[in-house]
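The next block holds one structure in the form of structure tokens; read it before the comments.
Only the coordinates and a few stated rules stand behind these numbers; no lab work does. If you're wondering where the values come from, they're calculated on a predicted model, not measured in any experiment. Positions of Cβ are backbone-derived with ideal geometry, glycine not excepted, and every protein chain shown enters the neighbour counts.
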Amino acid sequence: MSLRIGIILGSTRPGRRGAALASWVLCAAREHGGAEYELIDLADHDLGNLDEPGNPTFAQYTHEHTLQWSRVIDSFDGFVFVVPEYNHSFPGALKNAIDYIYREWNDKPAGIVSYGGWAAGVRAAEALRLVLAEVQVATVRAQPAANTHTGFDADGYEPTAAIATQVGVMLDQVLSWAGALETVRSRKTLGAA
């Protein structure tokens, strides 16, 4: 069975630079190989502000948008988050999307590609790691960071050689962990049956 890795564009802001970066990451991942890759754009999911009355730990979902989001996230073996830094952290839309569900994130790896001004989004990535740990997502060590003062233009994103190399290393780590954690997820599924 082929691994499926979702590349999550973590900003819904109009005019976001992340769309160009996420598009490049998707192309780079497909060229890298080792899994099936798909872009998950939060702007395409009508989640709104968290409106589920039940506890996501118990998958007590009542709204169709939550059920659809649950199916999307559950279908992947791992993730790459493309995340900007807004005021020293990651966007509220991404935190909201993570909070909607719980079990669907569990025992999957994630890489983080951050972007932002002079700090290149690294503070957002570090804040995101704390939240992902709570939903039992294992973040990998490699953490590419793109400075929005270079590489971005009206035509998209042109990576430096260093960023391209870092993304390759991160993808290798995500794929390795996704294969290993597949065993953990399958044991939990068998135990629940």
Suppose only helical runs count, i.e. DSSP H with n ≥ 4. What mean residue ellipticity at 222 nm does that imply for the chain under -39500 (n - 2.57) per run, divided by all residues and rounded to the nearest 500 deg cm²/dmol? -13500 deg cm²/dmol
Determine the gain in length on full extension of the stretch residue 32-residue 96; use 0.36 nm per residue of separation and subtract their C-alpha separation, reporting nm with one decimal. 20.0 nm
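For the chain, what D do you get in µm² per second when you plug the Kirkwood radius from alpha-carbon pairs into Stokes-Einstein at 20 °C and 1.002 mPa s?
Rounded to a whole number, D works out at 128 µm²/s.
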Rounded to whole Å and sorted largest first, what semi-axes of the equivalent ellipsoid does the C-alpha gyration tensor of the range 1-54 yield via the square root of 5 times each eigenvalue? 25, 17, 5
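One quarter of the convex hull surface, Cα atoms only: what value does that give for the range 110-193 in nm²?
For the range 110-193, averaging the hull's shadow over all directions gives 6.8 nm².
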Label point distance in nm, residue 43-residue 129, each placed 7 Å from Cα along Cα→Cβ: 2.9 nm
What is the fewest-to-most order of 158, 182 by other Cβ atoms lying within 10 Å of their Cβ? 158, 182
Exposure proxy check: 95, 108 ranked by fewest other beta carbons within 10 Å? 95, 108
Checking a compactness column here: for the range 1-109, what do you get for Rg(Cα) / (2.2 N^0.38 Å), N being the number of residues? 1.08
Residues 94, 67, 130, sorted so that the one with the fewest Cβ neighbours within 10 Å comes first: 130, 67, 94
Output row, site residue 176, 7 Å Cα→C-beta label point, backbone N cut-off 13 Å, window the range 65-87, residues none
Using θ = phi - 60° and the Karplus form 6.51 cos²θ - 1.76 cosθ + 1.60, what ³J(HN,Hα) does each residue of the range 164-181 get, whole Hz, x for Gly and Pro? 4, 5, 4, 5, x, 5, 4, 4, 4, 5, 4, 5, 4, 5, 4, x, 5, 6
